[in-house]
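Beneath this line is the structure, given in structure tokens, with notes to follow.
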Amino acid sequence: LCAPGQRFEMETVDIRGVPTRVWKNAPPSLAALIQLSRAHGARPFTIYEDERVTYDANYRAVAHLAARLREMGVGKGDRVGLAMRNLPEWPVIFFAATSIGAIIVPLNAWWTGAELEYGIADSGAKILFLDGGRHGRLAEHYRNMAQLERVFVSRTDAKLEGRFGHFEDLIGGAKTWADLPEIAFPQVRIAPDDDATIFYTSGTTGHPKGALGTHRNIITNIFSGGYAAARSFLRRGEQPPEPEPRTSLLVIPLFHVTACSAGMMTTIASGSAMVFMYKWDPVAAMEIIEREKVAVTGGVPTIAWQLLEHPDRDRYDLSSLENIAYGGAPAAPELVRRIYTEFGALPGNGWGMTETMATVTSHGAEDYLNRPTSCGPPVPVADLKIMSPEGDRELPVGEVGELWVKGPMVVKGYWEKPGDTAEAFVDGWVKTGDLARLDEEGFCYIVDRAKDIIIRGGENIYSSEVEDVLYSHPAVTDAALIGVPHRTLGEEPVAVVHLAPGTTASEAELQDLVRERLAAFKVPVAVRFSDAVLPRNANGKIMKRELKAWFAAEQAA
Ligand code: ATP
Ligand code: MG
């Protein structure tokens, strides 16, 4: 979408009083981006079952829906809720709302009714879009919420009345968007640092918080996302090739920044296609990879694991896979090597959080194969520093402390939570709550979340170090280290693992494995075997809070 050769130029601008490096050629708003995306015309943008929506059709649908929203009186700063699986209408609603200056509020499609009600009430959404599945199950939770002026449901046979209407009545179903007549795109003045999104955090360590993001925050990913692939060329002083249109299988949900900002923004930049699945299923995924010649997939490490470990993997032609990239959760070094050797694909990793609207570090190709425990160096517009636990002192290279991040991807703060915002956001920096170290070359290594660190009699145990060792055992496909209370030591480490079907490993064997490689105090005092895969949230993160509660209940019983 940008002139060749200018892609990775930077400039410094003032963002809320803080001089910040930004990508110079980024489009100023999501409205500008969606208009530029028409350049990809007849290429497919979204593919879902037998629905193929081209860039042109997607653009037409956005223009028409934006016009309908304006007629309903939706304008700058109004919140528009979006509670949907990955469907072709998701990006249409996302771009239509943000193109007229409204704030889109992607709501977690895994949420229960009570959580959905919280998201709607917390964001103050006045318009809500849902898919039929959600409406069928959860309508009682929002049916009587007075704040909702209009509710639109897609893909439902239900009779809808009053404030409730069918999405298809607004702009038709996906298959008809290509035939929508050309209309003028709504002209609303939008500045790069205007509000655009409220994404909720995953709720791994506490209650989900709404992060208020700007147009610039999200658009930054277009260049940040492309940079990892270009880095090795730039390092050699060569012009990186233009990104080629490819097909990606997007199995992670768009309501998290990993898929929406990191995934969808880089898709648009290169004119690529995203294939959606109704529900994650490794066999269905392999069928799609073969049929659509998918080049890119991943999202979160557990997706890559499930493809690797699948007993029927050899029945499918997966040779089109070029990149398997993920972020959002720790990835075992074992995974990196296996993606490369068994799929012949390049592994990629990126670190980010809802508060940074996705990509802050990016890691790929030989860099990643050589440093499989790192999540990569920062993208050029991000600054990282490692701070003392008190936050008063920057720590030297190699020391573990809290990771702080600054750059054009850092959101304004938490929606209507001034206390939490003041605590986490300081002079353009966001305190991430992750413990990390940097090496001499600037590569970042996440060792744990500050909230999950285990302190055993004064000694720090970072869970990722122990989990990586457990993952190196061929039978272990899921591993989590949790801290459990101990009367005199404060806490002790306990491992919870899930083994690949048909394999075995004993508690002593796994403890010995850790003892061989790490200090004695890091050896789990117990190993629990879970028959099921470990509980994860929609973003692929193991819910350690649940494991701790489960262990406590087991002890009490
Ligand atoms: P909550 O803030 O509500 O407790 P959450 O932190 O899981 O939930 P997200 O914003 O979705 O919500 O996730 C960001 C976190 O995910 C990071 O703080 C980090 O702990 C983890 N993470 C992200 N990327 C990586 C990565 N590449 N490697 C390891 N951990 C990662
Ligand atoms: Mg968090």
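In this structure, does Ile288 turn out to be within 16 Å of ligand 1 (Cβ to nearest atom) and either at pLDDT 95 or above or assigned to a helix (DSSP H, G or I) (or both)? Criteria not met by Ile288. If I filter region 340-355 down to residues being of a type in the set (Gly, Ala, Ser) and either surrounded by 18 or more Cβ atoms within 10 Å (Cβ to Cβ) or within 16 Å of ligand 2 (Cβ to nearest atom) (or both), which single residue comes out as nearest to Gly407 (Cα to Cα)? Top of the filtered list is Gly352. Note on region 396-407: residues that are assigned to a loop (DSSP other than H, G, I, E, B) and closer than 14 Å to Thr432 by Cβ total 2.
Pick out the one residue from Gly401, Gly458, Gly483, Gly419 that is in contact (Cβ under 8 Å) with a residue 40 or more places away in the chain and small (Gly, Ala, Ser). Going through Gly401, Gly458, Gly483, Gly419 in turn, the sole match is Gly483. Scanning region 466-492 for residues that are out of contact with any helix residue (DSSP H, G or I) (no Cβ under 7 Å at 6 or more places or on another chain) and either assigned to a strand (DSSP E or B) or not basic (Lys, Arg) (or both) gives Glu467, Pro474, Ala475, Asp478, Gly483, Pro485, His486, Thr488, Leu489, Gly490, Glu491, Glu492. When you scan region 385-395, do you find a residue that is within 16 Å of ligand 1 (Cβ to nearest atom), more than 22 Å from Phe425 (Cα to Cα) and open to solvent by 30 Å² or more (accessible area, probe 1.4 Å), even just one? Checking region 385-395: not a single residue is within 16 Å of ligand 1 (Cβ to nearest atom), more than 22 Å from Phe425 (Cα to Cα) and open to solvent by 30 Å² or more (accessible area, probe 1.4 Å).
Conditions (1) touching a Ser or Thr at 6+ places or on another chain (Cβ under 7 Å); (2) under 26 Å from Trp110 (Cβ atoms); (3) open to solvent by 20 Å² or more (accessible area, probe 1.4 Å), marked per residue:
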site: Glu465; (1), (2), (3): no, no, yes
site: His486; (1), (2), (3): no, no, yes
site: Glu491; (1), (2), (3): no, no, yes
site: Ala519; (1), (2), (3): no, no, yes
site: Lys522; (1), (2), (3): no, no, yes
site: Arg528; (1), (2), (3): no, yes, yes
site: Asn539; (1), (2), (3): yes, yes, no
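Can you name the residue in region 314-339 that is assigned to a helix (DSSP H, G or I) and open to solvent by 40 Å² or more (accessible area, probe 1.4 Å) and is also nearest to Leu470 (Cα to Cα) among such residues? For region 314-339, the residue satisfying everything is Glu334. The criterion of at least 3 residues that are open to solvent by less than 30 Å² (accessible area, probe 1.4 Å) and modelled with pLDDT of 95 or more is met by the following strands (runs of 3 or more DSSP E) wholly inside region 1-51: 18-23, 44-48. Restricting attention to region 426-452, the residues that are assigned to a loop (DSSP other than H, G, I, E, B) and either at pLDDT 95 or above or away from ligand 1 (no atom under 14 Å from the Cβ) (or both) add up to 7.
Within the bounds of region 55-66, is there any residue that is surrounded by fewer than 21 Cβ atoms within 10 Å (Cβ to Cβ) and outside any helix (DSSP H, G or I)? No, every residue in region 55-66 fails to be surrounded by fewer than 21 Cβ atoms within 10 Å (Cβ to Cβ) and outside any helix (DSSP H, G or I).
Within region 350-363, the residues that satisfy the criterion of being in a strand (DSSP E or B) and closer than 18 Å to Ala259 by Cβ are Gly350, Trp351, Gly352, Met353, Ala358, Thr359, Val360, Thr361, Ser362.
Quick one: what pairs do we get from region 437-452, first residue over 15 Å from Val360 (Cβ atoms), second open to solvent by 50 Å² or more (accessible area, probe 1.4 Å) and in a strand (DSSP E or B), C-beta under 8 Å, 6+ apart or different chains? Qualifying pairs under 8 Å: Val447/Arg437. Only one of the listed residues (Ala114, Ala67, Ala139) is over 21 Å from the mean Cα position of the chain (by Cα), among the hydrophobic types (A, V, I, L, M, F, W, C) and over 28 Å from Met277 (Cβ atoms). That residue is Ala67.
In region 233-247, the condition of being of a type in the set (A, V, I, L, M, F, W, C) and out of contact with any Pro (no Cβ under 7 Å at 6 or more places or on another chain) is met by no residue. Of the residues making up region 88-98, not a single one is surrounded by fewer than 23 Cβ atoms within 10 Å (Cβ to Cβ) and of a type in the set (A, V, I, L, M).
When the residues of region 361-376 are filtered to those that are touching a helix residue (DSSP H, G or I) at 6+ places or on another chain (Cβ under 8 Å) and closer than 30 Å to Ala196 by Cα, the one that is surrounded by the most Cβ atoms within 10 Å (Cβ to Cβ) is Ser362. Here Asn460 passes the criteria (1) part of a strand (DSSP E or B); (2) buried (at least 16 other Cβ atoms within 10 Å of the Cβ) except the one numbered (2).
The values are calculated or read from the model by the stated rules, or taken from the named source; none is laboratory data. None of these values were measured; they are calculated from a predicted model. Every residue, glycine as well, gets a Cβ built from its backbone with ideal geometry; the counts of neighbours run over all protein chains shown. Areas reflect the complete protein model, heavy atoms only, side chains present, ligands, DNA and RNA absent. Shrake-Rupley method; radii C 1.70, N 1.55, O 1.52, S 1.80 Å.
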